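These notes concern the structure reproduced below.
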Amino acid sequence: MIVRRRWTAAATTAILFSAVLSNPAAGTAAPADPAPPVTLSATETALVRVQLRDQAQLDRLVATGADLANRPRARDGRILADLVLSGTQLAELTAQGAKAVQVVQRAGDGSRHHAESVRAAQARTAAGLRAPAAGQRTTAAAVDTLQVQQAYWWTTGGQTFLQAQVATTATDDPDVEITVSWRTADGATGSFPLYRFEDSGEYQYHYNLPQPVPNRPVQLSATSSLGGVSRVVTPTLWPNATPPPLPAGYQKDFIDAYLTPTDIQARIKRLARQYRDLVDVIDLPNKTQGYRRNAVAYLGDPAVAAVVVESVRFGDQGMNGVQVRTVDPGRPNRPLTVGYRDRVLTVSLATDTAGKTVSTTDEVAAAINARQPNRFRATVEDGSAGLPMPVAAPTRLDDGLQGTEVSARPWTVQALRLGVHRNGSRVGVLAYSQEHAREWATPLVTLEFAERMLANARTDPATRELLEQVDIFVIPMVNPDGANYSFNDFNFQRKNLVNHCTGAARDPKNRTSWGVDINRNYTVGSHFDGYVGASANCLSGNYAGTAELSEAESGNVIALAQDHPNIKFAMNVHSYGGYFMWPPGAYRADGRVTLPRPSIDESTLFLTSARRIVGAIAQERGTVTWPSQTGPVADVLYSAAGNSADQLYYELGIFAWDFEVGNDRWNPATGEWEGVGFQPPFDEAHGESQEYAGGLVEMVRVARDYAAAQPAP
Ligand SMILES: [Zn+2]
């Protein structure tokens, strides 16, 4: 993964406006650190929020292909990154000056949360219950001027927050400190520092996380350490858009546990059966590889000397259990031979005149590849090159897959099409989710959305009207193979199950790093075109694949959109972090040249629609997606070369958005925003499904209003 974000924290010592601080609760004082120390055993893998020592440390992590789970963020001047790492890797980072601040999710937490959610749902069903409700005053000495680019406020859960973005004209001075001062309607005042934000080596602006304030802020201004002063502005209410109220009896809450791919398949089938007049199920054209892998074993001891032997076919195609062994022929002057009989691959080692075995690891691997190329592939284990091949105990090939209840067959990915007129005559909307396997909350969002539209069609005239006017497409699960692996083998699996690695990278110790990042495999602004944010390394979390659209999964999304040219709006649902984004989603490294910016009119449509949708999300439980995280991908997140929304927008003319569901939650006790992770305890995932389904319903209203405003053909 290549994240070229760069933060330079202003020194926190000189707070220019500390004297005007009259509300200690809302000021600049950093809260005490009451969190227990974070510890991981050496071999344990976890998702950890880590405070990095400096930018160089982040750059090193990125260069080595670290699994960055989210955009590294400036938190009060600290660089915080969410990383999937082992205890050993965390210990190395800590030794280099990093500090772990939160274990977001441990390996296995997801499986436990899945099991808990299923048990609880079953208990509720057994009990007959439903799912839980849930100014230009610049002084003469000033050498810079300041522009307030954004100042927004909102109230959620009884707490009012303020967020500001300010730009200095002294763009090249990394030491400029900017402080924001505010005044509330009832006269309280306070201040907080902003932090410099650079992306791809270029200054963007200063900003900070949403800051708690005691009441509605009515004035905001900024000053810089160079003497620059901004105008006094009035902060704007965010998002200041409210969806129509839900009618009495509106039906929702159709999600009562995490859903595996098999569960999702069953749900699609049930919806099609239950709402025949309103649903088509579309089988997408490309079958996936299936939940399958090549069977593999170490011949020899990988700690001493070994060759990795792998079946050419998948394990479930008769290759699991095949035995491999090396034997000493017991006679002098024998050649190296390879034979395969009765599901046993036998490598008879060469001997010298004294009868001692003399074959090397390289010779054994080459012999297997030469004699049995249609059945086996062999590579020398890392560190074993040129070593004498030991007479190894027989071992059996195995695909290593743990999911015993999962079909190994290639998977047909399905889309639901919802509407009264499913013939292309109405404006189309596409919602798709789980391109990334570990993002378990995302299909809950799209399925809750689909079922709300269907269940309310008969009882709520407004829902019926939407289904009259809009043609809705939903792909709940783009990446079923990866999802099966995430549920059964490795909760942190992001990519699909196709292993394009060659040579030593196919070593089974890399088994949780194989696969293609589906959302880096599309054609526009791609890695192959020189854009930033995807990798050619098959072990990287952002591996782009062998070519644009090399994967069945990405091809399916594009095929659906191409086959239905009435689709005009799309939402690509991911987790986590609480973002609402649109194109451009990528830039080139040199000069940070983005894909073309949308026109003014289109940018206005993107933003006004986003505010409506953010407002609808907030209706459920008050979750407010921050203004700093609402905007073009390349501006608010990072460059994501070859992502699907960019292809949908630039190639197919679709207004294409991305959600990152799972917003950080404010912890009033610690004064920290806390990450929720990919597979939180189910109550949180349930909350995400409900609020973001509401956001998708609002997207349907946006599409209806857009279509109504178009001139008649
Ligand atoms: Zn994702």
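Only strands (runs of 3 or more DSSP E) whose full extent lies in segment 138-208 are considered here, and the ones with at least 1 residues that are more than 28 Å from the chain's Cα centre (by Cα) are 146-156, 159-168, 178-184, 189-199. Within segment 236-282, the residues that satisfy the criterion of being small (Gly, Ala, Ser) and either surrounded by 13 or more Cβ atoms within 10 Å (Cβ to Cβ) or in contact with a strand residue (DSSP E or B) (Cβ under 7 Å, 6 or more places away or on another chain) (or both) are ALA241, ALA257, ALA272. Scanning segment 546-584 for residues that are within 16 Å of the ligand (Cβ to nearest atom) and either of a type in the set (A, V, I, L, M, F, W, C) or in contact with a His (Cβ under 9 Å, 6 or more places away or on another chain) (or both) turns up VAL557, ALA570, MET571, VAL573, HIS574, SER575, PHE580, MET581, TRP582. Checked against the criterion of being away from the ligand (no atom under 16 Å from the Cβ), at pLDDT 95 or above and not assigned by TED's automatic domain parsing to the domain that holds VAL324, segment 430-440 contains one or more residues that satisfy it. Filtered by the rule that a residue be within 16 Å of the ligand (Cβ to nearest atom) and over 18 Å from VAL624 (Cβ atoms), segment 657-699 gives GLY677, PHE678, GLN679, PRO680, ALA685. In segment 166-198, of all residues being of a type in the set (Gly, Ala, Ser) and under 16 Å from PRO217 (Cα atoms), the one that is surrounded by the most Cβ atoms within 10 Å (Cβ to Cβ) corresponds to GLY190.
Take the conditions (1) surrounded by fewer than 22 Cβ atoms within 10 Å (Cβ to Cβ); (2) within 30 Å of PHE314 (Cα to Cα); ALA462 misses just one of them, which is (2).
All conditions in (1) outside any strand (DSSP E or B); (2) of a type in the set (Ser, Thr, Tyr); (3) within 16 Å of the ligand (Cβ to nearest atom) hold for THR459, with the sole exception of (3).
The residues in segment 225-245 that are closer than 12 Å to VAL148 by Cβ and outside any loop (DSSP other than H, G, I, E, B) can be counted, and the count is 3.
Annotation note: of GLY533, GLY482, GLY525, the sole residue that is within 16 Å of the ligand (Cβ to nearest atom) and not in a helix (DSSP H, G or I) is GLY533.
Return yes or no: is GLY383 over 24 Å from ARG293 (Cα atoms), surrounded by fewer than 17 Cβ atoms within 10 Å (Cβ to Cβ) and modelled with pLDDT under 95? Yes; evaluated as a whole, the condition is true for this residue. Checking the stated criteria, MET581 turns out to be under 16 Å from ASP199 (Cβ atoms), in a strand (DSSP E or B) and in the same structural domain as PHE528 (by TED's automatic domain parsing). For beta carbons closer than 7 Å, sequence separation of 6+ or different chains, a first residue in segment 649-666 that is under 14 Å from ALA618 (Cβ atoms) and a second that is among the acidic types (Asp, Glu) and within 16 Å of the ligand (Cβ to nearest atom), the qualifying pairs are VAL661/GLU688. For the structure I just gave you, tell me whether LEU401 is within 16 Å of the ligand (Cβ to nearest atom) and outside any strand (DSSP E or B). When the stated conditions are applied, LEU401 does not pass them. Counting only strands (runs of 3 or more DSSP E) wholly contained in segment 289-352, the ones carrying 1 or more residues that are surrounded by fewer than 22 Cβ atoms within 10 Å (Cβ to Cβ), β-branched (Val, Ile, Thr) and touching a Lys or Arg at 6+ places or on another chain (Cβ under 7 Å) occupy 305-314, 337-341, 344-348. Pairs meeting the criteria (first residue in segment 490-514 and surrounded by fewer than 18 Cβ atoms within 10 Å (Cβ to Cβ), second residue acidic (Asp, Glu), beta carbons under 6 Å, at least 6 apart or on different chains) are ALA504/ASP382. Selection of first residues in segment 347-375 that are within 13 Å of LEU336 (Cβ to Cβ) and of second residues that are assigned to a helix (DSSP H, G or I), restricted to Cβ pairs under 6 Å at least 6 apart or on distinct chains, gives the following pairs, ordered by first then second residue: VAL347/VAL364. Among the small types (Gly, Ala, Ser), over 19 Å from the mean Cα position of the chain (by Cα) and crowded, with 16+ Cβ neighbours inside 10 Å: is that true of ALA98 in this structure? Answer is yes for this residue. Pairs linking a residue in segment 107-121 that is under 19 Å from THR512 (Cβ atoms) to a residue that is modelled with pLDDT under 90 and exposed (fewer than 15 other Cβ atoms within 10 Å of the Cβ), with Cβ atoms under 7 Å and 6 or more positions apart or on different chains, do not occur.
The values are calculated or read from the model by the stated rules, or taken from the named source; none is laboratory data. What you see is a predicted model; the values in this text were computed from it and never measured. When we count neighbours, we look across all protein chains shown, and the Cβ atoms used for this are built from the backbone with ideal geometry, even at glycine.
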